[in-house]
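Asker: Would you mind keeping the following structure in view while I ask a few things?
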Amino acid sequence: MDNCAQSVIRNVPPQSRDERFWNRLLKSIEEGQVVPVIGSQLLTFGPENARQTLQRRVAEQLLDIRDETPDRICLSPGRELHDAVSFLKSRADVNLQDLYGDISDALDALVSDPGFQMPAALRQIAAISDFRLLVTLSPDPLLAKAVRSRSAVNEIIHSPYLPTSEAGDLPQDWLKRSGESHLLYLFGKAKSTPVFAIHDEDVLEYAHNLFTRGSNVPGRFLGELQQRNLLLIGCNFPDWLSRFFMRLTNQTRLADKKTRAWLVEDDRHQPGLTSFFKGFSRETEFLSDVSPETFVAELHRRWLARRTPGEEKIDEAVKAPGPTLFFISYSRATDLPAAQKLFESLRQQGVGENEIWFDRNAIEPGQDFQNSILDGIRGCRYFLPLISAAADRFDEKFFRREWKQAIDRSGAIAGRDFVVPLIVDADYDPLAYKRVPRDWTEHIDFGHAPAGVPDPRTRNRLNKLIRDERRGAADSV
């Protein structure tokens, strides 16, 4: 019996993953037909000799908050948070609902720690720009943060307990929204209230909600999952949830499955599950002889190798030779999604890519490119600084050098607008920002573009600037 189980578990031995396997997978990814489903096994960090999982760190912090020591409790690999919550909720002095806030606080503390490093596997998955639809099984914001280094991110949260006003789904025109990725939090996103899953019973309820098409179910996103191949990496699903999830994301019964699925898992102790898929879903493959991190590293390496020279790099700027109509200045650390939305809005208003200077990179530019950016400000027609409360907290970032360059140039411009500040926060209050130049707040009419989308008044104003520029160019011919 043991020999039989072992032969089933090694469903896809290493030697069978030859160039044909990788070529098929990568071609499907490049065609936009693969959706990665990212589980907790990829959330590992630290040196090789002291690897830690995010889930264990959160579980340990939760226990510490409640004056418990982790060595008193058995924290099973991949189930650390469930084990910690199950132990704590049995205590008479612990209110289960309070644990959600404790876990959210623990996540915030870990992720915001100056010494925290983004898990390498998440960076590698995020760098594969062909992934425009992604699913995370973890409530933390790390995958969204990683993907924002290359594109704007539309976060879609599935939780039956969210207020209806906060629920969302995949936009109908998502394919037309270039430069935007869409991330589904399948089991909720961490907040101070019980709107995300922290133990097995929560997971059961979220699964039941999906199955019954209950509250806040993202139907369009699920519809896309049913029509695409799935790459499940480090999900650590129990047997029942693996079967359920595969059926939920398939349009027909599994025996008639038309799309493919790959499960990359460390766990080799589910012979019943692998036997089930082998017998009833031959398009579902278990890759259990390789760790999720190793698989992602190889996938990323091979994806980069297929790029044309230079294509693997994130464009530092959307900029081509010719006159620049608008220069978008923003805090890379906080406002990249809003800048992306504004860029797309300007394009919809008829502005060419070569007429907009927009630095897509979330990382502060190097010295040579800094000089190029400052040259771009000296040559643009209109300077659009994005104003937000998040950016206002920074007293020293490169965008402030951009602002200084624009202020210096303003002194030589008379008779027309040059600096056109746009508030990207939901609230419109130009005087609320402590580090925005007083000369701007006192003498310039600020526009309002919540999350980067101009409101009607601001859109009309930008349209007028575009028309004036077009008219001036025509008159000069």
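Asker: Which members of the stretch 392-416 meet the condition of being assigned to a loop (DSSP other than H, G, I, E, B), open to solvent by less than 70 Å² (accessible area, probe 1.4 Å) and closer than 24 Å to Arg459 by Cα? Break it down stepwise before answering.
Answerer: Of all residues in the stretch 392-416, those assigned to a loop (DSSP other than H, G, I, E, B) come to 393-397, 411-416.
Now drop any that are not open to solvent by less than 70 Å² (accessible area, probe 1.4 Å), which leaves 394, 397, 413.
Within the stretch 392-416, just Ile413 meets the criteria.
Asker: Still on this structure, please answer the following. Among the numbered conditions (1) open to solvent by 50 Å² or more (accessible area, probe 1.4 Å); (2) in contact with a helix residue (DSSP H, G or I) (Cβ under 8 Å, 6 or more places away or on another chain), tell me where Gln33 comes up short.
Answerer: For Gln33, the failing item is (2).
Asker: What tally of residues in the stretch 417-427 results from selecting those that are farther than 15 Å from Ser331 by Cβ and either surrounded by 14 or more Cβ atoms within 10 Å (Cβ to Cβ) or without any contact (Cβ under 8 Å) to a residue 12 or more places away in the chain (or both)?
Answerer: Matching residues across the stretch 417-427 total 5.
Asker: Quick check: is even one residue across the stretch 197-204 in contact (Cβ under 8 Å) with a residue 24 or more places away in the chain, open to solvent by 50 Å² or more (accessible area, probe 1.4 Å) and of a type in the set (A, V, I, L, M, F, W, C)?
Answerer: No, every residue in the stretch 197-204 fails to be in contact (Cβ under 8 Å) with a residue 24 or more places away in the chain, open to solvent by 50 Å² or more (accessible area, probe 1.4 Å) and of a type in the set (A, V, I, L, M, F, W, C).
Asker: Considering (1) outside any helix (DSSP H, G or I); (2) open to solvent by 50 Å² or more (accessible area, probe 1.4 Å), say which one Arg220 fails and leave the rest.
Answerer: Here Arg220 clears every test but (1).
Asker: Are any residues in the stretch 441-458 outside any helix (DSSP H, G or I) and open to solvent by 60 Å² or more (accessible area, probe 1.4 Å), and if so, which ones?
Answerer: Answer for the stretch 441-458, where residues must be outside any helix (DSSP H, G or I) and open to solvent by 60 Å² or more (accessible area, probe 1.4 Å): Asp445, Val453.
Asker: Sticking with this one: Identify, please: which residue in the stretch 207-217 is of a type outside the set (Gly, Ala, Ser) and outside any helix (DSSP H, G or I) and is, among those, nearest to Val34 (Cα to Cα)? Walk me through how you get there before you give the answer.
Answerer: Looking only at the stretch 207-217, we keep the residues that are of a type outside the set (Gly, Ala, Ser), and these are 208-213, 216-217.
Now narrow it down to the ones that are outside any helix (DSSP H, G or I): 212-213, 216-217.
Details: Thr212: 25, Arg213: 24, Asn216: 24, Val217: 21 Å.
That would be Val217.
Asker: If Arg268 passes every condition in (1) under 29 Å from Pro119 (Cα atoms); (2) modelled with pLDDT of 90 or more; (3) basic (Lys, Arg) but one, which one does it miss?
Answerer: It is condition (2) that Arg268 fails.
Asker: Somewhere in the stretch 283-294, is a residue over 16 Å from Leu232 (Cβ atoms) and free of Cβ contacts under 8 Å to residues at least 40 places away in the same chain?
Answerer: No; the residues of the stretch 283-294 include none that is over 16 Å from Leu232 (Cβ atoms) and free of Cβ contacts under 8 Å to residues at least 40 places away in the same chain.
Asker: Could you check how many residues of the stretch 36-66 are in contact with a Pro (Cβ under 7 Å, 6 or more places away or on another chain) and open to solvent by 40 Å² or more (accessible area, probe 1.4 Å)?
Answerer: Matching residues across the stretch 36-66 total 1.
Listed here are the residues, each with its yes/no results for (1) over 27 Å from Glu166 (Cα atoms); (2) open to solvent by 30 Å² or more (accessible area, probe 1.4 Å); (3) over 28 Å from the mean Cα position of the chain (by Cα).
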site	(1), (2), (3)
Glu224	no, yes, no
Ser242	yes, no, no
Thr259	yes, no, no
Phe276	yes, yes, yes
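Asker: Being in contact with a strand residue (DSSP E or B) (Cβ under 8 Å, 6 or more places away or on another chain) and either β-branched (Val, Ile, Thr) or in a loop (DSSP other than H, G, I, E, B) (or both) is the filter here, so list the residues in the stretch 162-176 that pass it.
Answerer: If we filter the stretch 162-176 for residues that are in contact with a strand residue (DSSP E or B) (Cβ under 8 Å, 6 or more places away or on another chain), which is where we start, we get 162, 166-171, 174.
Passing the criteria: Leu162, Ala167, Gly168, Asp169, Leu170, Pro171.
Asker: Do you know which of the residues in the stretch 311-332 that are at pLDDT below 90 and assigned to a strand (DSSP E or B) is surrounded by the fewest Cβ atoms within 10 Å (Cβ to Cβ)?
Answerer: Val318
Asker: Sticking with this structure for a sec: Can you tell me which condition Thr308 does not meet? The list is (1) modelled with pLDDT under 85; (2) buried (at least 21 other Cβ atoms within 10 Å of the Cβ), and all the others hold.
Answerer: Of the numbered conditions (1) modelled with pLDDT under 85; (2) buried (at least 21 other Cβ atoms within 10 Å of the Cβ), the odd one out for Thr308 is (2).
Asker: Got at least one residue in the stretch 51-65 being at pLDDT below 90, in contact with an Asp or Glu (Cβ under 9 Å, 6 or more places away or on another chain), under 30 Å from Glu298 (Cα atoms) and not basic (Lys, Arg)?
Answerer: Yes: the stretch 51-65 contains one or more residues that are at pLDDT below 90, in contact with an Asp or Glu (Cβ under 9 Å, 6 or more places away or on another chain), under 30 Å from Glu298 (Cα atoms) and not basic (Lys, Arg).
Asker: Of everything in the stretch 133-155, what is open to solvent by 10 Å² or more (accessible area, probe 1.4 Å), closer than 16 Å to Ala338 by Cα, in contact (Cβ under 8 Å) with a residue 40 or more places away in the chain and not aliphatic (A, V, I, L, M)? Give them in sequence order.
Answerer: Within the stretch 133-155, Arg148, Ser149, Arg150 meet the criteria.
Asker: Kindly indicate the residue of the stretch 67-124 that is buried (at least 20 other Cβ atoms within 10 Å of the Cβ) and polar (S, T, N, Q) and also farthest from Leu42 (Cα to Cα) among those meeting that condition.
Answerer: Ser104
Asker: Hey, another quick one. For the stretch 269-310, which residues satisfy the criterion of being within 20 Å of Gly39 (Cβ to Cβ), assigned to a loop (DSSP other than H, G, I, E, B) and of a type in the set (Ser, Thr, Tyr)?
Answerer: Ser281, Ser288, Ser291
The values are calculated or read from the model by the stated rules, or taken from the named source; none is laboratory data. Worth saying up front: this structure is predicted, and the values here are computed from it rather than measured. With ideal geometry, Cβ positions are generated from the backbone for all residues, glycine too; neighbour counts draw on all protein chains shown. Keep in mind that these areas ignore ligands, DNA and RNA; they rest on the heavy atoms of the full protein, side chains included. Shrake-Rupley method; radii C 1.70, N 1.55, O 1.52, S 1.80 Å.
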